[in-house]
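What follows is a single structure, written as structure tokens, with notes after it.
What follows draws every value from the coordinates through simple rules; no lab data is involved. Remember, predicted model here, so these are calculated numbers, not experimental data. Positions of Cβ are generated from backbone atoms using ideal geometry, with glycine treated the same way; all protein chains shown enter the neighbour counts.
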Amino acid sequence: MLKEIDTDIWVVDAPFKYFGLSVGTRMTVIRLNNRLAVISPIQLDDGTSQQLNKLGTVNHIIAPNVYHYLFAADFKALYPKATFWATSALKAKKPKLPIDRIIDSDTDNFLSNLQCILFDGLKTIDFNGFNLLNELVFFHPKSRTLILTDTAFNFDDSYPFVTQFVARVIGTYKQLSPSLLEKVASTEKAKIQQAVQKILAWDFDRVIMAHGSIIESQGKQTFKAGYESFLGQTLP
């Protein structure tokens, strides 16, 4: 069910396992002049669908990286007039997805009152080895909220003990940071630093991520600290 985070921004949490770990997943919904943008779609149930329809019209369905697309096509089938946005890497990976528009470069104003950049250089490890994440990171100025998907995680005591234990090992327990897996896989640190500095130019305080607990305040400082540790250097 939808949870209101601030004016014109909601999230929906859902169970999800990765490598057998319960990490959960989260969809973010932003209302832009009575039109809804859905970031990282989850499997939709009737109750959530009814709530969305009361908020406005779903006009934008966004698969923010090469992994968070599993339910985007279902959303597109349910809301066929909505624009399905994705990155070029996802289009190449899944050419049969009903993608309408590609975002593959930085833009100051992705949609009205919603900004984004393409986070370049970050790789992760999956069952097929090292893969570029190719993630879109969003900023909602009205609520001063940064919206991430897999560029950082923040697990705490609300997650199962095994997830907490693994999070401690890979460096994502009670701190907003990429995991040790990303650190091992990513070699283009200069590109990552450039993306992080662009993000830090935004005036955000809250951070929503797809996996982990939302950071309600001091999100910029927390994000900066996590990436300073990841990059092994102090950021301006």
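Could you work out the local net charge near ALA72, counting Lys and Arg as +1, Asp and Glu as -1, over the other residues with Cβ closer than 14 Å to its Cβ? Net local charge, ALA72 excluded: +4. Each Lys or Arg adds one and each Asp or Glu subtracts one; over the other residues with Cβ under 15 Å from the Cβ of ILE214, this totals -1.
Taking N as the residue count of the chain, its C-alpha radius of gyration divided by 2.2 N^0.38 Å amounts to 0.95. Inter-part distance, the range 75-99 to the range 1-66, computed on C-alpha centroids, equals 16 Å. Rounded to the nearest 500, the helix-only mean residue ellipticity at 222 nm of the chain stands at -7500 deg cm²/dmol, with each DSSP H run of n ≥ 4 adding -39,500 (n - 2.57).
Taking the average, over residues, of other Cβ atoms within 10 Å as the packing measure, peptides 124-133, 140-149 rank 140-149, 124-133 from highest down.
Couplings for the range 194-201, taken from phi via the Karplus curve 6.51 cos²θ - 1.76 cosθ + 1.60 with θ = phi - 60°, read 4, 5, 4, 5, 5, 5, 5, 6 Hz in order; Gly and Pro are left as x. Can you give the local net charge around ALA37? Use residues other than it whose beta-carbon is closer than 12 angstrom to its beta-carbon, Lys and Arg +1, Asp and Glu -1. Combined, the nearby Lys, Arg, Asp and Glu give +1. Size descriptor for the range 125-205, Kirkwood hydrodynamic radius: 14.1 Å (Cα pairs only, one decimal).
The HN-Hα couplings worked out from phi for the range 217-226 by the Karplus form 6.51 cos²θ - 1.76 cosθ + 1.60 (θ = phi - 60°) are 8, 6, x, 5, 4, 5, 4, 4, 4, x Hz, whole numbers, x standing for Gly and Pro. Once the Cα atoms are used to define both axes, helix 46-55 deviates from the longest principal axis of the chain by about 80 degrees.
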